1. In region 75-108, how many residues are at pLDDT 85 or above and of a type in the set (Ser, Thr, Tyr)?
2. Taking region 497-520 only, how many residues are exposed (fewer than 12 other Cβ atoms within 10 Å of the Cβ) and over 19 Å from Ala340 (Cα atoms)?
3. Please give the number of the condition Phe197 fails out of (1) hydrophobic (A, V, I, L, M, F, W, C); (2) in contact with a Ser or Thr (Cβ under 7 Å, 6 or more places away or on another chain); (3) without any contact (Cβ under 8 Å) to a residue 24 or more places away in the chain.
4. May I ask you to say which residue of Leu441, Leu471, Leu447, Leu462 is modelled with pLDDT of 90 or more, in a helix (DSSP H, G or I) and touching a Pro at 6+ places or on another chain (Cβ under 9 Å)?
5. Tally up the residues in region 376-418 that are part of a loop (DSSP other than H, G, I, E, B) and either surrounded by fewer than 24 Cβ atoms within 10 Å (Cβ to Cβ) or aliphatic (A, V, I, L, M) (or both), please.
6. On the basis of being crowded, with 20+ Cβ neighbours inside 10 Å, touching a Leu at 6+ places or on another chain (Cβ under 7 Å) and modelled with pLDDT under 90, does Phe115 make the cut?
7. Scan region 285-299 residue by residue and report those that are buried (at least 23 other Cβ atoms within 10 Å of the Cβ) and of a type in the set (S, T, N, Q).
8. Identify all residues within region 118-128 that are surrounded by fewer than 18 Cβ atoms within 10 Å (Cβ to Cβ) and touching a residue at least 40 places away in the same chain (Cβ under 8 Å); write none if there are none.
Amino acid sequence: MKDLFRKISSNGKTLLFFQQTNILSAATVIAAAVLVSRFLGIVRYWLLAIYIKPISDLDLFFAAFRLPDLLFQILVMGTLTTAFIPVITGYLSSGEDRKAWRSCSIIINLALLIFALLALLAFIFTPQLALVVAPGFTGNPAKTQTLINLTRIMLSAQVFFIISNFFSAIIQSTKRFLIPALAPVAYNLGIIIGIVFLSGNFGVYGPAWGVVLGTILHLVIQIPLVSHLKFHYETVVDLKNEGVREIGKLLGPRTLGLAIAQLSFTVDTALASLLPASSITILNLAQALQQFPIGVFGATIAQAALPTLAEDREKGNLENFKSTLLTSLHQILFLTMPAAVILIVLRIPMVRLAFGLGNTNIPWPLTVLTGKTLAVFAVAVAAQSLLNLLVRGFYALRDSSTPVKIGIFAFTASIAFSLTFITVLHWPVWSLALSSTLGDLINFSLLLFFLDRKLNFDKKNLLLPAVKIILAALATGISLYVPMKLLDQLVFDTTKTVPLIMLVGTVSLIGLSVYLFFTWLLDIQELKAFLGLIQKVGQIKKVFTPPAEVIEVSPETYA
């Protein structure tokens, strides 16, 4: 029994710690963990709809996220995606671990210092800032005070999140993706604990404290692997450090671009607060479902590709760089197009299945409006997924200014659309999804155009697979609509939970079967690649076979 436990423990550590050197296998590892995380995210929203009463209080919870998330995205995510991973990957691939760890320490320290200053200002001026984020609550002092309190609680959580996300970037720079992908699972579990165990006594404050717990868990789960990688933290701030200066050169434009993007999201939240009650909630619920395929397929492949792209660039291997980028692009398109079609056709059943089961507080009119908003969001699922990859392509080429300029233009257009739709045309909340979709389509189109000018892709290799995939997805959408209507009206009583699950499952299975048939008929190469991957996944015993790089884990790491 002791030997069996030792073997299981050893295999588990190997599985968690080994490198994923192939992009598709890395993306599969990430996708599996992200799938669990996104599922828990949907469960999180479902529990919010059950435990938070009245449902309109959820508007306060989602609005309170805006300011902390704005600071985090601008301060941390721009650093990680633009410069941190490519620069650190460059050091590690050259065997300069000491330089890499010193640069990491300095960047973490700078981020924490800047955040401390900004968070202090935000904490002091929360009453003013909160009403800018959600001006629709101005006339209700009780709601305004709750919004202020929630914002301050979630501001405190960002300290843990900042450190944790830098740890994720350090781990990913060594081509290890499983632990960073599992960290959001821990984060969602923390929020769920807050909802279930604290909402009864503290109401909407329960999930806010759950956010704090979630960020702590997000950090703790990554500490053993960061320690194993021998990351040496230093309490130093050195602005003359070579790596820091290189990151700083790339960082400025991206920070500006992220600021504009966050401004766009903030404007949408502010405008939604001016609409009828629960409009902010509708926007967030619909976006959560839209982000499911983007997170599982788009972000994972893009995330897995970045270290390889950065390495190809460091070695001057432009042909490999182009091949990696095109292969990843078509893989993302292959996976996200059917998901987008299913979300559009099954929008109402999907919303009901995700948020309407059990003793939820979501009424039917809110369900219908959420479904319409989801359908509009879903139009841009593929474009938004591909944005993750194209932007990282520019970053790996050490060009952060081009995607930022394009992003500023696209997000400015999105803000203009939002203001026009809500204040001039007086359209409902789904119009905010429309403005976001239009902005994403503009952003994607311009990024692809300028990246092509930089790399000069073979147009046939770029466009022909994409056209085939889009045609297969359109055929799938047409084939889905009639069975969905017939099964809904004649076979399944979708007022009940089990028949609703059967409807969604049956129609989705039909749609995926049709999609696979058309991808086979059109000879789409991505189908062969993923069928091969499924065969490898089926040989599960290979997962527990130590890879070429055997990692020895000291018992002290897990003490």
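1. 2
2. Qualifying residue count, region 497-520: 1.
3. (2)
4. Leu447
5. Residues flagged as part of a loop (DSSP other than H, G, I, E, B) and either surrounded by fewer than 24 Cβ atoms within 10 Å (Cβ to Cβ) or aliphatic (A, V, I, L, M) (or both) within region 376-418 amount to 5.
6. Answer is yes for this residue.
7. Gln290
8. The one that is surrounded by fewer than 18 Cβ atoms within 10 Å (Cβ to Cβ) and touching a residue at least 40 places away in the same chain (Cβ under 8 Å): Leu118.
The values are calculated or read from the model by the stated rules, or taken from the named source; none is laboratory data. Owing to the predicted nature of the structure, the values given are computational and were not obtained by experimental measurement. Note that each Cβ is placed from the backbone with ideal geometry, even for glycine, and that neighbours are counted across all protein chains shown.
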